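In what follows, a structure is listed as structure tokens, so that the remarks can point back to it.
The values are calculated or read from the model by the stated rules, or taken from the named source; none is laboratory data. Please read these numbers as outputs of a predicted model, since none were measured by experiment. Cβ coordinates were reconstructed from backbone atoms using ideal geometry, including for glycine residues, and neighbour counts include every protein chain displayed. Side chains are part of the model used for accessible areas, which takes the heavy atoms of the whole protein and leaves out ligands, DNA and RNA. Shrake-Rupley method; radii C 1.70, N 1.55, O 1.52, S 1.80 Å.
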Amino acid sequence: MSIIFNKELNIFHIFNNEISYYIYLNENGMLTNPYFGKRLDDIDIDSIFDISHDWQSHYFDNEKKEEGELKNIQFNSSPFIAPTSLAYDTRHNFIEINSEKGSRLDFRYISHRIYKGKPQFDVLPFVRDEDEEANTLEFTLKEKQKEIYLQLSFTIFSDLNLIIRNTKLINKENSSIYIRRLDSLSQDFLRNDFDIIHFPGEWMLERQLCRESLEKGEKCIVSRTGRSSHENNPFVILLDKDANENYGEAYGFSFLWSGSFRFDIESSLTNVTRLTLGLGEELNFEVKSNDEFLAPEGIMVYSPYGTGNISRTLHDLIRNRIVKEANEKVYKEILLNSWEGCYLNFDTKTVLDYLDSAKLIGTKLFVLDDGWFGKRDTDDRSLGDWFVNESKINLDLVIEKCHALNMDFGIWIEPEMINQNSELYKKYPDFAGFLEHNESFLSRHQQFLNMGDDNCVDYIYSELEKLLSTYKIDYVKWDHNRIINDYYAKNLDIKNQGEFIYRNTLGYYKLIKKLREKFPKIHFQGCASGGGRFDLGTLFYFSDIWTSDENDPIQRLFIQYGTSFIYPFSVSGSHVNDNKITGFKEKCLIALFGSYGFELDPRKLSEKEIEEIKEVNEIYLKYHNDVVLKGDLYRLLSPFDMKYFAIDMVSKDKSKCLVLFSNLLKKGRNRFYLKLQGLDKNKSYKNSLDNKVHKGEFYLNVGLNLSKRLEEFETDLIVLEEA
Ligand code: DGJ
């Protein structure tokens with residue numbers, strides 16, 4: 001059993017071998033979280049909560065007509081799990097509503113249940129538990145003076161050091177209420193001596209590692225773009241000030257959601273911290289009488305051993321319980337994408353010629369990117385017209401040739417978008433998610449659809465269903481090239497426009513869900529102008545995501561390093577282009593740490609370049625599956641220190657290891673030893689640097705001697721294999 005309720009003490013203990021999460025229910029029905037951390041079997045609530053000044057704990061009891069005192073509660077510093085009322089807590093709330101009975105909220109315990117399994121949903125993404133491994137504690141809380149209920153649940157798995165939170169609001173009032181905020185996570189800490197790590201970015205510079213001290217006041221990390229965004233990623237780590245990759249306490253937070261989001265992290269003068277994560281600021285959602293509202297599923301990871309462990313926990317979670325791979329074969333194939341090779345300028349002959357040359361670099365999957373549909377010769381038209389431009393490309397011929405060359409075939413789409421210059425817009429202008437008279441701004445000449453309108457989703461589905469049933473397509477790259485702002489849903493009343501982003505994001509999920517059900521073998525790759533929608537919600541439906549439009553290998557080191565804090569390389573699309581900064585071998589080695597492929601004109605490759613590529617392809621075929629796709633990642637040296645980049649990845653059985661090392665400095669004369677991690681200290685490994693065999697403990701404690709290898713921007717891959 002991993003959830004215990006101690007009735008006498010009113011304490012719930014959620015735990016596995018490594019972690020404990022305690023919930024204390026006081027006599028007034030308030031729920032607090034006295035402890036979240038390393039496994040702890042003995043807890044004393046009074047000694048945690050007694051701070052010997054209590055004026056903040058008094059209230060006026062309406063029934064008894066006298067003052068009451070809340071035991072073990074201090075309004076401004078208690079660790080509430082459902083902080084709901086400004087009346088007793090001036091820190092930010094995790095829920096805010098408007099209703100005919102006012103906006104004040106005060107939720108108290110009604111009941112709880114403990115069960116095997118965990119919540120799952122029809123459309124909203126969730127952590128999968130097909131084997132019913134999880135245990136869940138679910139509370140029902142009621143607002144003291146209104147018929148509004150909250151269902152809060154906490155789920156734990158025995159082999160993952162994390163807690164999953166779910167939140168549902170049920171409106172049993174006789175009239176609608178309007179939710180302005182309902183967060184997925186709310187975590188209070190009885191301390192505020194933290195650093196914070198987050199991942200700001202921009203187009204072609206996604207998820208840049210940023211570590212700073214958490215100062216007093218409120219820090220907000222948001223996306224206001226209708227998608228999880230290039231600008232910020234829905235992932236934050238709070239950690240000890242002296243914590244690093246391998247040492248110190250660290251807590252990671254994220255949720256399964258692809259729309260706008262908002263983290264508020266508040267460090268108070270009372271020396272406590274409150275972190276919340278939820279839907280974006282635009283929310284104003286009407287919940288009718290007897291209806292419910294679901295917040296996206298939230299995740300809180302804990303590591304007593306620094307940030308590396310946070311990442312490895314999340315990588316396992318994502319690979320085993322979030323992503324559901326449709327087509328194992330396609331997933332592991334070397335890919336060639338046409339985009340950077342020819343952009344929109346191709347015809348049937350160009351593509352057929354590409355295929356001949358693609359064969360030479362080991363391509364097993366060819367993806368025809370943007371430009372094959374409608375009248376799409378320039379990027380200001382045809383989004384929405386998902387039928388083949390037969391005067392430009394003979395798709396049958398292309399697919400036939402792919403198959404003859406033993407390659408699979410993939411195609412690009414951007415289903416949530418529309419150009420005003422399109423057949424779709426002429427036919428169904430009301431599907432557009434904006435008001436025409438606003439002269440709304442275009443981005444890349446395009447606008448977006450209102451995916452919250454089921455008629456629009458059904459129409460796009462039927463067009464894509466036709467396409468995917470007519471042609472033998474194994475892989476779909478699904479793009480999203482503008483942010484959602486200035487929106488207006490023509491199918492909603494004015495008072496309901498604050499529902500746009502939530503409904504639009506659900507529409508995105510509904511469309512991909514329907515397509516996946518109809519075409520269970522097609523591999524769907526997510527993309528949003530590169531990595532503008534890289535999140536756990538997308539990964540529930542897509543097997544991998546295009547990491548960034550930046551293919552420069554050195555810039556990529558930074559992007560891939562930042563991305564790896566939450567997302568495993570197996571879900572991170574990574575291609576080699578013909579940028580001239582480094583040689584092909586280097587570019588390929590860096591791209592190898594992701595779902596691997598090329599994005600170039602293969603006809604232009606020299607024989608020498610083809611040879612370099614083939615050399616790396618051999619490593620790919622031998623090690624990529626066990627080590628990169630399925631193994632454990634150890635970050636050794638951060639490129640953000642502007643000297644070196646180094647990681648190693650070790651197969652789960654610890655028999656193989658790949659070390660990727662890049663030098664960002666001019667050649668130096670210094671000695672340089674790279675200590676590895678993750679190996680079995682007792683196993684013997686042969687390394688490809690000097691072909692010697694050493695015990696794991698040698699590599700862990702002495703390291704690889706890289707003193708001879710310090711050319712600027714040089715990248716090398718060293719293979720270790722059990723001898
Ligand atoms: C943006 C994507 O990130 C690129 O890879 C490419 O697919 C273009 N869109 C096509 O328009």
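Miscellaneous remarks
- Applying both filters, DSSP loop and at most 15 other Cβ atoms within 10 Å, to the trypsin sites (Lys or Arg not before Pro) of the range 319-389 gives K324, K375.
- Spin-label pair L405/K219, simplified geometry with 7 Å Cα→Cβ offset, distance in nm: 4.9
- Once the Cα gyration tensor of the range 531-628 is diagonalised, semi-axes √(5λ) in Å: 24, 15, 12
- Dipole of the chain, positive direction: furthest Cα of S186, I163, G248, with charges on the beta-carbon: G248
- Whole-Hz Karplus values for the range 494-505 come out as 4, 5, 9, 5, x, 9, 3, 5, 4, 5, 5, 5 Hz, taken residue by residue from phi with 6.51 cos²θ - 1.76 cosθ + 1.60 and θ = phi - 60°; glycine and proline positions read x.
- Sparse-neighbour loop sites [GluC sites (Glu not before Pro); the range 215-245; at most 15 other C-beta within 10 Å; DSSP]: E215
- Among the protein heavy atoms of the chain, carbon and sulfur supply 48% of the accessible surface, probe 1.4 Å, non-protein parts ignored.
- Whichever aspartates and glutamates have a C-alpha closer than 12 Å to that of K695, once near sequence neighbours (fewer than 8 apart) are set aside: D680, E721, E722
- By average C-beta atoms within 10 angstrom, highest first, the peptides 92-98, 519-525, 130-136: 92-98, 519-525, 130-136
- On Cα atoms only, tilt of 454-470 relative to the major axis of the chain in degrees: 30
- Solvent exposure of the range 635-722 amounts to 50 Å² per residue of accessible area, where only protein heavy atoms count and the probe is 1.4 Å.
- Cβ-Cβ distance of I581 and N62, R₀ of 60 Å, FRET efficiency by 1/(1 + (r/R0)^6): the value works out to about 0.25.
- Stretching N389 away from L442 to a fully extended chain increases their span by 16.6 nm, per 0.36 nm per residue minus the current alpha-carbon distance.
- Expressed as a whole percent, the proportion of Cα-Cα pairs in the range 308-390 lying more than 16 Å apart is 66%.
- Excluding same-chain neighbours fewer than eight residues apart, the aspartates and glutamates reachable from K587 by a Cα-Cα span under 14 Å are E550, D552, D578, E599, E609, E611, E612, E615, E714, D716.
- Over the range 343-502, accessible surface divided per residue gives 40 Å², non-protein components excluded, 1.4 Å probe.
- Cross-link check: pairs K477/K604; K349/K604; K332/K477; K683/K708; K118/K172 evaluated at a Cα-Cα cut-off of 18 Å; pairs beyond the cut-off: K477/K604; K683/K708; K118/K172.
- Charged-residue dipole, Cβ positions (Lys, Arg, Asp, Glu), the chain about Cα centre, Debye nearest 20: 1200
- Rounded to the nearest 10 degrees, the angle from helix 607-623 to the longest Cα principal axis of the chain is 40 degrees.
- Heavy-atom accessible area ranking, 1.4 Å probe, most first, across D385, D61, D486: D486, D61, D385
- Ordering G259, N320, I237 by Cα displacement along the dipole of the range 3-322 toward the positive end leaves G259 in first place; charges were set at the Cβ atoms of Lys, Arg (+1) and Asp, Glu (-1).
- Interchain or long-range residues, amide H under 5 Å from G573's placed H: I545, W546, T547, S595
- Rolling a 1.4 angstrom probe over the protein heavy atoms with all chains in place gives the range 3-322 an accessible area of 38 Å² per residue.
- Net lengthening on full extension, I114/K686 (0.36 nm per residue, minus Cα-Cα): 200.9 nm
- The phi torsions of the range 197-204, fed into the Karplus equation with coefficients 6.51, -1.76 and 1.60 and a -60° offset, translate into couplings of 10, 9, 9, x, x, 7, 4, 6 Hz, rounded to whole numbers, with Gly and Pro shown as x.
- Dipole magnitude (debye, nearest 20) for the range 3-322, charges at Cβ of Lys, Arg, Asp, Glu: 580
- Label positions at E147 and N76, each projected 7 Å from the Cα along the C-beta direction, are separated by 3.8 nm.
- Per-pair calculated FRET efficiency, R0 = 35 Å: K495 and K427 via Cβ, rounded to 0.05: 0.75
- In nm, spacing of pseudo-spin labels at E212 and K7 (7 Å Cα→C-beta vector): 5.1
- Contact order normalised by residue count of the chain, Cα under 8 Å, 6+ apart, percent: 10
- Qualifying chymotrypsin sites (Phe, Trp or Tyr not before Pro) in the range 392-481, DSSP loop, other Cβ atoms within 10 Å at most 16: F441, Y471
- In degrees, nearest ten, helix 395-404 long axis to first principal axis of the chain (Cα): 80
- With 23 Å as the limit on Cα-Cα distance, the pairs of K288/K426; K142/K168; K142/K216; K146/K490 that go past it are K288/K426; K142/K216; K146/K490.
- Candidates S564, L279, I613 compared by Cα position along the dipole of the chain: farthest toward the positive end lies I613, with charges placed on Cβ.
- Built amide H within the under 5 Å cut-off of I19, gap 5+: R39
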